[in-house]
1. What pairs can you find where one residue is in the stretch 61-81 and free of Cβ contacts under 8 Å to residues at least 40 places away in the same chain and buried (at least 22 other Cβ atoms within 10 Å of the Cβ), the other is of a type in the set (D, E, K, R) and not in a loop (DSSP other than H, G, I, E, B), and their Cβ atoms are less than 9 Å apart, with a gap of 6+ or different chains?
2. Given the conditions (1) on the phi < 0 side of the Ramachandran plot; (2) in contact (Cβ under 8 Å) with a residue 40 or more places away in the chain, report the number of the one that Asp236 does not fulfil.
3. From the list Ala173, Ala135, which residue is in contact (Cβ under 8 Å) with a residue 12 or more places away in the chain and of a type in the set (Gly, Ala, Ser)?
Amino acid sequence: MSPAALVQRAHERGIRVLALTDHDTLKGIGEARQACQALGMHLVNGIELSCTWSATTIHVLGYDFALDSPPLTALVERLQKGRWHRAEKIGQRLAAKGMPGCLEGARSVQAGLGEHAQPPARPHFAAYMVEAGYAKDHSEAFDKWLGAGKIGDVKQYWPEFEEVMQVLGQAQAKISLAHPYHYKFTHSKRRRLVADFVQQGGHALEVSNGMQPAEQVGTLAVMAREFDLQMTAGSDFHMPRSWSELGLYQTPAKDLKPLWRSFAVPDALKGPEDGV
C-alpha cells in the first residue's frame, strides 16, 4: 500500500500512534507523516534493517530516531542499491523459467501505488505474476517461485549486524530485535543472538509479531525478563488480505516494559497504562 493509504487504513482500525517500519528504506515516512497529521495521528520514525549475523539474514527494528543522521542515510542508500541488483536478478531468473517481463511488471505495480523510485520487492513481483497469469494467487507465487529457497529468493550482501547496530545507535534510535522466532535457530543459538544484541546496545525484543503462537510469545517474554530488555509488539502488516492486519497481534504479558513508553508521543494520544 502507499504510505497515505496505509495511514488511512490504520486510522479506520482505531490506531492513533503508528510506526512505519519499511524494509531498508525511509522513503515513505514523509508521506505517512503528512497523512497522520491530517488525521490527528502521530507517526513514529521507523525502519526494519536487514543484516547478517552468524551467516544468517536477520532484521533489526529502529524507532524514534533522527531522520537526518548521515550514517543511517548512507547505509540505507547502500542497501537500496543492493535491492535494485536483487530485483534485476529476480527478473532474470523468472524470465529464464518462461515468465518474461516480471521486472517491468513489478515496477508497473509500484507505479500504480505511486511508488517510482523504489526497487520492487517480491510482493510486487507476486502481484504482477498473478496479473500476468503466471500464478493463480499471491500465495502460489511465493510457494512456487518467490519464497524461501525458490528461484526468486535471491540472496544479496547485507551489512554485518555490528554495523547496523552501530549506525542505529549513532542515529539515537530505540532498537528492537525483530521476530526472533522467524529465524530457524535452536534455543541456544537464539539466546546467543539476544546476548549479542544486548552487548551491541539493543533495547527491546519484539515478543509478539502478529498472531504468532502464544507459546512463542511466552518464551520471548521470559527471555526479555532474563536479559532485562524492553518489549515491542507489532502486526507485521505487509499488505491487505495477507496473514496480518494493522493493530492485530498476540497480547504480551502485562509486566513487560513497552519500548514505546520512551517515544515522544503527544500526551493527548497516550493511553492510561501503556503510553500509547
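No lab work stands behind these numbers, since they all come straight from the coordinates. Treat the numbers as computed from the prediction; the structure is a model and nothing was measured. As a convention, Cβ positions derive from the backbone with ideal geometry for all residues, glycine included, and neighbour counts pool all protein chains shown.
1. Within 9 Å, no pair qualifies.
2. It fails just one condition, (1).
3. Within the list Ala173, Ala135, the selection yields Ala173.
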